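A.B. asks: Okay, here's the structure, questions in a sec.
The values are calculated or read from the model by the stated rules, or taken from the named source; none is laboratory data. Not measured: the values here are computed from a predicted model. Positions of Cβ are backbone-derived with ideal geometry, glycine not excepted, and every protein chain shown enters the neighbour counts.
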Amino acid sequence: MNKRSGDRSATVLFAFFWFAYSATYIGRLNYSACMPAIMAELHLSKAFAGAVGTGFLAFYAVGQLLNGLIGDKISPKYMIGAGLFGAGTANLFMGFNTFVPLMPVIWCFNGYCSAMLWSPLIRAISEWLPQHRQTRAGVGIASTIPAGTIASYLSSALILRLAGWRAVFLFSGGFLILASAVWAAGMAGLRKYIAAACAQSEADRNARREQAAAAGRKETLRSALKLFVGSGLAFAAFGILFNGVLKDGVTLWVPAFLKEYFGVSPAFASVLSVALPVASVFGAYLSVGLNKRFFDNEFTTSAVMFLISAVSFTLLILLGVKNIYAAVLMIAASSTAMLGLNTMFLTFIPLYFKQLGKSATVTGFLNACSNAASSVSSVTIGVLAARGGWNATILSWVCIAAAGLLICVAGRKRWAENRGLISRGIEEENPQTV
């Protein structure tokens, strides 16, 4: 395969990556958009309706961990296709289902299927794309999060208004099953390119192992404990926990904060909240630009992202509470920084583990930590706001950002010492402890 043909195939392959992951948001955020209509029509309690959403988050977090482990054993083309098809099937069942107690089961299944994409996707980027295209791909794939979020909310709102909540799930299910067919067709068309890329990745991995053996180094960081402690992932795990709170937990409660604090209508609060995913598109470009130009250390860059978040929420307390537009601007600044940090931890750090054959495992583990924090914070933020008020809640966000900053500062030296060895698939000769 010549270089021009290979570059063209890599570009087409990334387009399929972007399409597949963006598509999942159509079928995972639609429940939130439809929840008021579902509760009104089926006379559901807030507790039951909330339990359906919580079940999704719980199975999504568990699925990230399990599918991360599986994703290093099974080809991404099968994992991603199965995830799209399974999520589509769950959405169709949700649209046709008339037995209310079955709703949590269906949506938990959707949570697990939706978790089958990200970890295999990061593995595919690390193994199927040439090295010089991986940074650009890492930035580009991060844009699927805000793009998919906006597409999901807009399509759900339109269909909900025109045809009702069941039609939203039927549309989402049909779209995801179609997406799985498009993915399968795309992978079939690129099978020669993918086979060649996989063969090259395996050859590179074997060559590095032989070099390590010749130099008298141990082969790899095989055990999960060594991988977690020796590489600095322990710091990343705690850092991504704080990121999960500030990225997803805070975002969930922004409409309620704007409505209650400034007394605006729910519709207006929701419209203003759209600014968050729009602004966060630039987060990945910001973090990658800073890392490439100034820091050359994912932990240092992440510390700066936490600093931006802490400053933003401090300004929100001091100035933003006086003006709703200033408040949205401050929260959007934090949201942008948190997506940038998320890109460092869930895309670029796992790429270093390619030669160890553990890119998907590391991605799944860190993503599970992030989603666990998101699901817990979605409840605790509401409790804190109800008992202590929004000023106390925002102050807690400042403290969380500060704690995340300290974790990243503490871990940056360990990561700088070990990431080169990890990327070469070898173990440090004199391993240290955290």
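A.B. asks: State whether one or more residues within segment 47-69 are closer than 27 Å to F353 by Cα, outside any helix (DSSP H, G or I) and at pLDDT 80 or above.
C.D. replies: Looking through segment 47-69, none of the residues is closer than 27 Å to F353 by Cα, outside any helix (DSSP H, G or I) and at pLDDT 80 or above.
A.B. asks: Can you pull out every residue in segment 162-188 that is of a type in the set (G, A, S), surrounded by fewer than 21 Cβ atoms within 10 Å (Cβ to Cβ) and touching a residue at least 60 places away in the same chain (Cβ under 8 Å)?
C.D. replies: G164, A167, G174, A184, G186
A.B. asks: Would you point out the residue of segment 275-305, among those that are hydrophobic (A, V, I, L, M, F, W, C) and more than 18 Å from the chain's Cα centre (by Cα), that is surrounded by the fewest Cβ atoms within 10 Å (Cβ to Cβ)?
C.D. replies: F294
A.B. asks: Still on this structure, I have one more. Give me the residue from segment 394-409 that is buried (at least 21 other Cβ atoms within 10 Å of the Cβ) and among the β-branched types (V, I, T) and, out of that set, farthest from the chain's Cα centre (by Cα).
C.D. replies: Checked segment 394-409; the qualifying residue farthest from the chain's Cα centre (by Cα) is I394.
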